[in-house]
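Working notes, structure below.
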Amino acid sequence: MHRFRVERTTFPGQHQCMGQITVDTQFGSLVLTEVGGEITRLTWGRAEEETASEVLTEAARQLRAYDAGHLEEFDLPLRVGGSEFQQAVCTEMRAIPFGETVTYGDIARRLSAPAQAVGGACGGNPIAIIIPCHRVMGAKGLTGFSGAGGVETKVALLRHERAGGFLI
C-alpha cells in the first residue's frame, strides 16, 4: 500500500471524487483530503464540508491512533503530486523509522541531489505527519517546518515520538 503516483490529469468530462475530513489532534485540527481512494493532502485547519469514505475513515482512525501513541507507521494509499524528485524525497522520508531522524544531507546523498533541493521538497510535502518530514533535520540540528505552528509543531511531533535527545 505504500506507493506513490504522480497526480493524474483530469480531462474534460472526467471527474474524480474528492472528500475531506477533519481530525482533531494534540498537534491541531488536521484536514485529510482524498481523491479517487487515495490520500493526497494533509493540512491544518477544518474541512469546509466533511465527507465519509472508507479511506478517510481509516486515515482518521490511524491519525488518532498515532496521536494517542498507539501507532508508529501509517498504512494508507497515498498519491503524491509533483515531480519524480518530489516523489523520491517523499519515499525517502517515508522510510525514516518512528522516533528517528535523518538530515537533508543524508537524503541528498541517497538521491545524488543537493541538500537544498531536498529541503525544498521536504517543505513541499503535501501529506505531512503521514509522510514524516518532521523527522528531517539540517546538518546543524533543528530546522523549520511548513505545518501550522512551524518549528514548535515539529518539536512537538519529535517529542511525541521520543526522538532526538537533543530536544531535552
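The values are calculated or read from the model by the stated rules, or taken from the named source; none is laboratory data. Since we're looking at a predicted model, the values are computed, not measured. Using ideal geometry, Cβ is built from the backbone for each residue, glycine included, and neighbour counts are taken over all protein chains shown.
Remarks
- Residue in the stretch 2-12 that is under 18 Å from PRO126 (Cβ atoms), of a type in the set (Phe, Trp, Tyr), at pLDDT below 95 and outside any helix (DSSP H, G or I) present: yes
- On inspection, VAL31 does not qualify as surrounded by 14 or more Cβ atoms within 10 Å (Cβ to Cβ), aliphatic (A, V, I, L, M), part of a loop (DSSP other than H, G, I, E, B) and touching a strand residue (DSSP E or B) at 6+ places or on another chain (Cβ under 8 Å).
- Any hit, the stretch 73-96, residues being in contact with a Phe, Trp or Tyr (Cβ under 8 Å, 6 or more places away or on another chain) and among the aliphatic types (A, V, I, L, M): yes
- Residue match in the stretch 97-118 (condition: loosely packed, with under 15 Cβ neighbours inside 10 Å, under 19 Å from GLY147 (Cα atoms) and of a type in the set (S, T, N, Q)): yes
- Selection count where residues are assigned to a loop (DSSP other than H, G, I, E, B) and either without any contact (Cβ under 8 Å) to a residue 40 or more places away in the chain or not hydrophobic (A, V, I, L, M, F, W, C) (or both), scope the stretch 152-165: 3
- Single residue of GLY144, GLY69 found to be in a loop (DSSP other than H, G, I, E, B) and either assigned by TED's automatic domain parsing to the domain that holds ARG46 or farther than 30 Å from MET18 by Cβ (or both): GLY69
- Close pairs (7 angstrom Cβ cut-off, 6 or more residues apart or separate chains): under 27 Å from GLU38 (Cβ atoms) in the stretch 125-151, crowded, with 16+ Cβ neighbours inside 10 Å and charged (D, E, K, R) anywhere: PRO126/ARG41; ILE127/ARG41; ILE131/ARG94; HIS134/LYS154; PHE145/LYS154
- Subset of the stretch 30-79 [farther than 24 Å from GLU100 by Cβ, out of contact with any Gly (no Cβ under 6 Å at 6 or more places or on another chain) and of a type in the set (S, T, N, Q)]: THR33, THR40, THR43, THR57
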